[in-house]
Amino acid sequence: MTQRRTVVVVAMVALMMVGACGKKKPPVARPTLPPPPPPSSSTNRTPGPPEPVKEPVPVPAEPITSDTLASTDIDTLNKNSPFQPVFFAYDEDVIDAVGQQALGHDAELMKKYPTWIVTIEGHSDERGTAEYNLALGERRALAARNYLVSLGIPADRLRTVSYGKEFPFEPGHDETSWSKNRRAHFVVTSK
Amino acid sequence: MRTLTTSMIAASVALTLAQGAQPSAGSQEPPRQQGEVSISITGPPGLPPKYAVPDFIALTNDAETVAAAKTISQVLWDDLDFEREFYLISRDTYRTIPPATSIDQVPLDQWKQLGADGLIIGTVRKTASGVAVQVRLIEVASGRTALAKEYSGTLKNPRLYAHTASDEIHQQQRNLRGVARTKLAFTSDRDGERMKGPVIDRGISNIYISDYDGANQTRVTVSRSLDITPAWSPDRNSIAYTSYRSDFPDILIQFIYEGKVPFKPAAGSSEKQNFLPAWSPDGTQLAFTTNRDHNNEIYVVNRDGTNLRRLTNHPAIDVTPTWSPTGNQIAFTSDRTGSPQIWIMNADGSEPQRITNEGFCDRPTWSPAPFNEIAYASRNGAGFDIKVFDFASRTSKTITDGIGSNESPAFSPNGRHIAFTSTRAGKEQIFLIDRDGKNLRQVTRAGMNRYPNWSQ
């Protein structure tokens, strides 16, 4: 270790000495002649390779949706909601990995449109009782809200409301429908 | 009793607009006949007395009076049959007996042959101001009058005379508080109106009331949103309910016969949402569910919005409270053991304890005295059945029969009947059933009808 450091120091000193020797008097600056003009094509010299012809490559426009969302009225916006709902297991308010992904997307959207106020509706399928489902829907909405807050969305931009099993999205009486009705659904209430 | 009757009638008149019958019960009652009070009509040993209720006599011959006479007797027959205290002889079998032409000239021998122990004869007579209705309960064996009443009022709702007479007969003969003049409140989407505001196309629901038997169904709220979970105040003048008209659920107290702006005792906001109100038995307080702690908890507030206090404090769901008849305890649904079960606690929130241990229980409804029971919905396979928990035996029995899904039980004020929601006939409708599982009847048919509540 010590030996190696010594070697390095010696080498540096040597280099400095070389540099000092080479640095005598700066040369006097003289105007230099401009380079000769490129040979014109009319001359007999051998033509070089053809000049490449450039054309701009079209780039796809940024998705128009962002601009549209900003200008769309609330009703139209909510009919084709840009938000992804969160779906839940039976009698659960736990947000699974898929739900977290959806909320990640929704959080980005809310960051992009910082004036939007969003109501998170909590819904349940028809299998529980009506009264308990009002409470369960509230828990689901609160779970989604808490997760969005953890992603940095201010709580005062997020409202919750539970509709229990009052407003099923799918009318069927099987798991296909039920799984779509157990959800936290996002509605833009002002923008 | 007299006061109750009068206020009920005043309420009924104000309500209607459509009904408007105004019998001043007992005000023009003829002098009591000797022995009236002491007569209790009995049947054969071990059997209920048999009653016959032939068409009332129309003393004036106009069509309205004639129709009213028939309606009153038919409804009175149904009202008396409802409590199952008497055996009501089928009206089809009366044909052989010539109709009486006067309340004092009744062919008692023929009624005796038919097997009647008690006979109810009545008259309807048009008067300058409306109508006069006489009702007489006769002990067939002796020919003595057990009860005689005369009512006056309008003819807009003849059923109310029958209901009033039925309640008086049950009171006098059986010392029973009948339910003929009680009312139901429930939620209905029958008008097919759509929700205001943004988003998806959604139907609305409003609060309706009806007679106990489903007659005279009348809408009492006009929101363009969801009005659900009605609860009659004990004085029957107002209904507390959950309304989404501000885009979040809040509790409204609406004086349905006065047209005032509804009062919001829990002063809701988007951060303090309130739902599922339940009146204390004395009508001074409301228990309800609220999310103001970022979790559903049971709170109580005075009717005027003062003295708000929290009863539950648990991260689980606590929802849908109901008061014990004394007001000392509150039952509610909680999933703090992992699934929704029925719990009870003191009215100050202390000593919560679980009373059910089943798959999924909800919507407890505490019975009135003398029964000490809690009705609730309990999962049974794909649907629910109404069960009743008895505090004396600490056991539950199933009231409904496993057909359809049966939810949201509400006791009648005498504790003998339960109104509930059922899908047994297709869409959800309101049904009534006796506490022993008999006497099932459907009382709504238009649209979808839910969340029944039974007035005092």
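Every number in this text was worked out from the coordinates using simple rules, so none of it is lab data. Source: prediction; values computed, not measured. Because the Cβ atoms are built from the backbone with ideal geometry, glycine has one as well, and the counts that use them run over all protein chains shown.
Using 0.36 nm per residue of separation minus the Cα-Cα distance, give me the extension gain between B:ASP293 and B:ARG336 in nm, one decimal.
13.8 nm
Give me the dipole magnitude in Debye, nearest 20, for chain B about the Cα centre, with unit charges on the beta carbon: positive for Lys and Arg, negative for Asp and Glu.
The calculation lands at about 380 debye.
Cβ under 9 Å from B:GLN429's Cβ, B:GLN429 left aside: what net charge do those residues give with Lys, Arg +1 and Asp, Glu -1?
+3
Helix B:159-174: angle to the longest alpha-carbon principal axis of chain B, degrees 0 to 90, nearest 10?
90 degrees
How many Å³ per residue does the convex hull of the Cα positions in region B:246-335 occupy?
99 Å³
Compute the length gained on full extension between B:GLN105 and B:ASN346: take 0.36 nm times their separation in residues and subtract their Cα-Cα distance, giving the result in nm to one decimal.
Value of the extension gain: 80.8 nm.
Over all distinct alpha-carbon pairs, what is the Kirkwood Rh of region B:151-233 in angstrom?
15.0 Å
Can you tell me the alpha carbon radius of gyration of the protein assembly as shown divided by the globular rule-of-thumb value 2.2 N^0.38 Å?
Against the compact-globule rule of thumb, the ratio is 1.48.
Mind listing the phi-derived Karplus ³J(HN,Hα) values for region A:116-132, rounded to whole Hz, using 6.51, -1.76 and 1.60 with θ = phi - 60°, and x for any glycine or proline?
5, 9, 10, 9, 9, 8, x, 10, 10, 7, 7, 7, x, 7, 4, 5, 4
If I model a spin label as a point 7 Å beyond the Cα along the Cα-Cβ vector, how far apart are those points for B:ARG224 and A:GLU175 in nm?
Result for the modelled spin labels: 4.1 nm.
For region B:201-214, take each phi angle, set θ = phi - 60°, evaluate the Karplus expression 6.51 cos²θ - 1.76 cosθ + 1.60, and give the result in whole Hz per residue in order, putting x for glycine and proline.
Ordered by residue, 3J(HN,Hα) equals 5, 9, x, 10, 10, 10, 8, 10, 10, 8, 4, 4, 8, x Hz.
Please report, in debye to the nearest 20, how large the charge dipole of the protein assembly as shown is about its Cα centre when each Lys and Arg carries +1 at its beta carbon and each Asp and Glu carries -1 there.
2380 debye
Suppose R0 equals 45 Å; then what is the FRET efficiency for B:VAL261 and B:VAL66 from their Cβ-Cβ distance, rounded to the nearest 0.05?
Taking R0 as 45 Å, the efficiency between B:VAL261 and B:VAL66 is 0.55.
Can you divide the C-alpha Rg of chain B by 2.2 N^0.38 Å and report the result to two decimal places?
Computed over Cα atoms of chain B, the ratio equals 1.04.
Per-residue ellipticity at 222 nm for chain B, helices alone: DSSP H runs ≥ 4 residues times -39500 (n - 2.57), over residue total, nearest 500 deg cm²/dmol?
That calculation yields -4000 deg cm²/dmol at 222 nm.
Rounded to the nearest 5, what % of DSSP beta bridges with both residues in region A:95-191 are antiparallel?
50 percent
Apply the Karplus parameterisation 6.51 cos²θ - 1.76 cosθ + 1.60, with θ equal to phi minus 60°, to every residue of region B:114-122 and state each ³J(HN,Hα) to the nearest whole Hz, in sequence, with x for glycine and proline.
6, x, 6, 8, x, 10, 10, 10, x
Restricting to the protein assembly as shown, compute how many DSSP beta bridges are antiparallel as a %, nearest 5.
90 percent
Mind checking which lysines have their C-alpha under 18 Å from B:LYS427, skipping anything on the same chain fewer than 8 residues away?
Those lysines meeting the cut-off are A:LYS165.
Taking the 0 to 90 degree range and rounding to the nearest ten, how far is the long axis of helix B:2-16 tilted relative to the main principal axis of chain B, both from C-alpha atoms?
Approximately 80 degrees, to the nearest 10.
Among the listed pairs B:LYS156/B:LYS183; B:LYS260/B:LYS387; A:LYS180/B:LYS183; B:LYS264/B:LYS387; B:LYS50/B:LYS438; B:LYS183/B:LYS260, which have their C-alpha atoms separated by more than 27 angstrom in this model?
Beyond 27 Å: B:LYS260/B:LYS387; A:LYS180/B:LYS183; B:LYS264/B:LYS387.
By how many degrees, 0 to 90 and rounded to 10, does the Cα axis of helix B:63-82 deviate from the longest principal axis of chain B?
60 degrees
About its Cα centre, how strong a charge dipole does region B:148-249 have in debye, to the nearest 20, once Lys and Arg get +1 and Asp and Glu get -1 at the Cβ?
60 debye
Rounded to the nearest 0.05, what FRET efficiency is calculated for B:ARG445 and B:SER269 with R0 set to 51 Å and r the Cβ-Cβ distance?
Given R0 = 51 Å and the Cβ-Cβ separation, E is 0.85.
Mind jotting down the distance between the C-alpha centroids of region B:126-146 and region B:387-449, whole Å?
Cα centroid to Cα centroid, the span is 35 Å.
Compute the signed sum of charges (Lys and Arg +1, Asp and Glu -1) over the other residues within less than 10 Å, Cβ to Cβ, of A:HIS123.
Around A:HIS123, the charge tally is +2.
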